[in-house]
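Reviewing the structure listed below.
The values are calculated or read from the model by the stated rules, or taken from the named source; none is laboratory data. Nothing here was measured: the structure is a model prediction, and the numbers come from that model. Don't worry about glycine lacking a Cβ; one is built from the backbone with ideal geometry, like all the others, and counts go over all protein chains shown. Accessible surface areas use protein heavy atoms only, side chains included; no ligands, DNA or RNA. Shrake-Rupley method; radii C 1.70, N 1.55, O 1.52, S 1.80 Å.
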Amino acid sequence: MNKAAAVTVNEREYAFPKAPVVVVCIDGSEPDYMEEAVAAGRMPWLKATLPGGADLRADCVVPSFTNPNNLSIVTGQPPKVHGICGNFFYDPAKNAEVMMNDPAYLRAPTLFAAFQKAGAKIAVVTAKDKLRSLLGHGLAMKAGEAVCFSAEKADKATIADNGIDGLLETVGKPLPSVYSADLSEFVFAAGVKLMESMRPDLMYLSTTDYIQHKHAPGSEGANDFYAMMDGYFAELDAAGAVIVLTADHGMNAKHKADGSPNVLYLQSELDVFLGTGKARTILPITDPYVVHHGALGSYATVYLPKDADVAAVARFVAGLQGVERVLTREEAAKAFELPGDRIGELVVVTEKTRAVGTRPDKHDLSGLEVPLRSHGGVSEQRVPLVVNRPVSGLEGRRLRNFDAFDIALNHAEAVRSAAAE
């Protein structure tokens, strides 16, 4: 198949890669994690790379959760375009609260499907299986040409469904626990093996934030995790890849001085103000993996009865302790680039140190082994955007994490100079 000179996806044009491009979404990686690990001497590859690359900062999309941001990165657009505005949402058509991991909810194609049609080889590896079907939507799986699988279900990968089989033997690692750093390490180990075996034109690696939920920047647990990643980045770099490191969101402590969660239980407050069950509070952080955060983030959307005085409810919520912003549907859709038909009458964002929940009895916090660290609000919007090559043409732009592929393909030097080597 003849390869195209450029590919247009969702009204953005991307040059066809001259070298393998690897975009890594380090789940929950606020910039301090890398800075602290470099300062501690735990990321020697990154420290050596930065002087000849680009150490940038970007804004993720709000809500600063996994699904909306991963889909923004792989479509190059905010949620108002691709439609994924949470891990979980209320579907009015079904009158049900459901996971947002069905490709039927996706309103825009990914770069991967478009680049495959243009002749590119594609590799997508994600930690948790909840993202796999969304990231791989539209890909025609074919061994050596297009693969998409999760570390979580690596033992079940097949050629027909994932473009690859025998993953545990190929990667040389056992199936990892979903609640472990090993889940993310499997992603990187698989990425290195795929670079050796199929040398994809585009590779996307997406981790889990299990470590960031438990360990603050600069802690031993965090530095060990980033040291592990650094070793794999060095291997991908040695293979000649253009590497862009970014994140889906940051992470902040959301607990009191005694270590207990610092939570505003919004549904409880609304039940008192409007009457029990009159409002519906949705927490889009909710997913099948709530042990490390108890479904507590810093973003909620509220559905109100038709006869509710939206302005009065907004004023009430704005007066609650810990609330940073209350926006109407129209205001939130504009401010956060969200699909207005997939959020409630109000969007509520809590402060940096405060999480938002529904009612205490709806949150199982028994799995929290350490004080709560979480995300979802504007406070977790700033993320790293690191490139292992010099970049140009970005002056004056507000950089977003979903510019990662644009930067890798259109603004980064594709081939190292002899001096750089």
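Brief remarks on what is shown
- Hits in the range 116-153 - residues which are under 21 Å from D248 (Cβ atoms) and of a type in the set (A, V, I, L, M, F, W, C): I122, A123, V124, V125, A127, L131, L134, L135, L139, C148, F149, A151
- Pairing residues of the range 318-336 that are under 17 Å from C60 (Cβ atoms) with residues that are open to solvent by 40 Å² or more (accessible area, probe 1.4 Å), at Cβ distances under 6 Å and at least 6 apart in sequence or on separate chains, gives E324/E351.
- Pick from the range 147-198, criterion within 19 Å of A120 (Cβ to Cβ) and touching a Lys or Arg at 6+ places or on another chain (Cβ under 7 Å), ranking: surrounded by the fewest Cβ atoms within 10 Å (Cβ to Cβ): M198
- Selection of first residues in the range 200-215 that are modelled with pLDDT under 95 and of second residues that are in a strand (DSSP E or B) and among the hydroxyl-bearing types (S, T, Y), restricted to Cβ pairs under 9 Å at least 6 apart or on distinct chains, gives the following pairs, ordered by first then second residue: H213/S374.
- Verdict on N223 being buried (at least 20 other Cβ atoms within 10 Å of the Cβ) and more than 30 Å from Q77 (Cβ to Cβ): yes
- Counting only helices (runs of 4 or more DSSP H) that sit wholly inside the range 30-146, those with at least 3 residues that are farther than 22 Å from A234 by Cα and open to solvent by 10 Å² or more (accessible area, probe 1.4 Å) are 111-117.
- Residue match in the range 48-59 (condition: more than 23 Å from A146 (Cα to Cα), touching a Cys at 6+ places or on another chain (Cβ under 7 Å) and touching a residue at least 24 places away in the same chain (Cβ under 8 Å)): no
- Subset of the range 340-357 [of a type in the set (V, I, T) and open to solvent by 20 Å² or more (accessible area, probe 1.4 Å)]: T353
- Test: residue in the range 338-347 that is within 20 Å of the chain's Cα centre (by Cα) and either modelled with pLDDT under 95 or within 15 Å of N69 (Cα to Cα) (or both): yes
- Verdict on M228 being modelled with pLDDT of 95 or more and assigned to a helix (DSSP H, G or I): yes
- Of everything listed in (1) of a type outside the set (D, E); (2) over 24 Å from I84 (Cα atoms); (3) in contact (Cβ under 8 Å) with a residue 40 or more places away in the chain, the single unmet condition for V347 is (2).
- When restricted to residues that are more than 19 Å from T208 (Cβ to Cβ) and either assigned to a helix (DSSP H, G or I) or open to solvent by less than 30 Å² (accessible area, probe 1.4 Å) (or both), the range 16-29 contains 5.
- Scanning the range 363-379 for residues that are open to solvent by less than 20 Å² (accessible area, probe 1.4 Å) and either touching a helix residue (DSSP H, G or I) at 6+ places or on another chain (Cβ under 8 Å) or of a type in the set (A, V, I, L, M, F, W, C) (or both) turns up L372, S374.
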